[in-house]
Amino acid sequence: MKLLVLNGPNLNLLGSREPDIYGLQSIAELEKSCRQTASECGVEVDFRQTNSETELVEWLQEAFTNKLHVVLNPAAFTHYSYALRDACAAVTGSGLKLIEVHISNPHARESFRQNSVISAVATGVIAGFGFSSYHLAIRQLAGR
């Protein structure tokens with residue numbers, strides 16, 4: 001089984017951007033830990049990050065076409081991207097699973113971060129557990 005682990009804007013700055021919220025580990029360390037968790041679960045991950053809404057939508061369409069489950073951290077796109085929401089709906093509407101993840105807990109932050117246009121079409125949401133949010137999602141999709 002292969003999973004897509006997709007990351008939205010500014011997550012390339014992990015480890016240096018707001019470390020009090022997102023921690024001190026880099027995106028490279030997140031990727032390494034996701035690959036380790038996937039390996040333990042007997043699955044493969046294709047880990048990607050982009051600052052482009054267009055690219056993220058295209059990757060979700062790739063998941064739809066290739067029948068791949070998705071772990072998605074939409075980052076700032078969480079709150080307003082209807083294009084991303086529609087691409088997520090295509091994935092889950094086809095019977096595939098998509099888990100929305102967040103490193104921090106958006107509900108404990110600024111009011112504008114407390115709304116997700118993605119959550120209503122996601123299979124599930126895991127937030128507030130740091131990098132473990134990803135690991136929990138990978139384990140869930142792997143059936144572990």
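May I ask you to list pairs of residues, at least six apart or on different chains, whose Cβ atoms are under 8 Å apart, with the first in the range 93-104 being without any contact (Cβ under 8 Å) to a residue 40 or more places away in the chain and the second being surrounded by fewer than 18 Cβ atoms within 10 Å (Cβ to Cβ) and in a loop (DSSP other than H, G, I, E, B)? Partner pairs satisfying both residue conditions: Ser94/Lys67; Leu96/Lys67; Leu98/Thr123; His102/Gly128.
Okay, residues lined up against (1) aromatic (Phe, Trp, Tyr); (2) farther than 27 Å from Glu18 by Cβ; (3) surrounded by 14 or more Cβ atoms within 10 Å (Cβ to Cβ):
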{"residue": "Ser39", "(1), (2), (3)": "no, yes, no"}
{"residue": "Gly42", "(1), (2), (3)": "no, yes, no"}
{"residue": "Val45", "(1), (2), (3)": "no, no, yes"}
{"residue": "His69", "(1), (2), (3)": "no, yes, yes"}
{"residue": "Cys88", "(1), (2), (3)": "no, no, yes"}
{"residue": "Ile103", "(1), (2), (3)": "no, no, yes"}
{"residue": "Ala122", "(1), (2), (3)": "no, no, yes"}
{"residue": "Phe129", "(1), (2), (3)": "yes, no, yes"}
{"residue": "Ala137", "(1), (2), (3)": "no, no, yes"}
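Assess whether Ser16 counts as being surrounded by fewer than 20 Cβ atoms within 10 Å (Cβ to Cβ), over 11 Å from the mean Cα position of the chain (by Cα), touching a residue at least 12 places away in the same chain (Cβ under 8 Å) and over 21 Å from Leu136 (Cα atoms). For Ser16, the condition - surrounded by fewer than 20 Cβ atoms within 10 Å (Cβ to Cβ), over 11 Å from the mean Cα position of the chain (by Cα), touching a residue at least 12 places away in the same chain (Cβ under 8 Å) and over 21 Å from Leu136 (Cα atoms) - is not met. Just one residue in the set Thr78, Thr37 is more than 17 Å from Leu4 (Cα to Cα), touching a residue at least 24 places away in the same chain (Cβ under 8 Å), part of a helix (DSSP H, G or I) and in contact with a Lys or Arg (Cβ under 8 Å, 6 or more places away or on another chain); that residue is Thr78.
Here's a check for you: in the range 9-26, which residue that is among the aliphatic types (A, V, I, L, M) and modelled with pLDDT of 90 or more is farthest from Ser52 (Cα to Cα)? Going through the qualifying residues, I end up with Leu14.
The values are calculated or read from the model by the stated rules, or taken from the named source; none is laboratory data. The structure displayed is predicted, hence computed values, not measured ones. With ideal geometry, Cβ positions are generated from the backbone for all residues, glycine too; neighbour counts draw on all protein chains shown.
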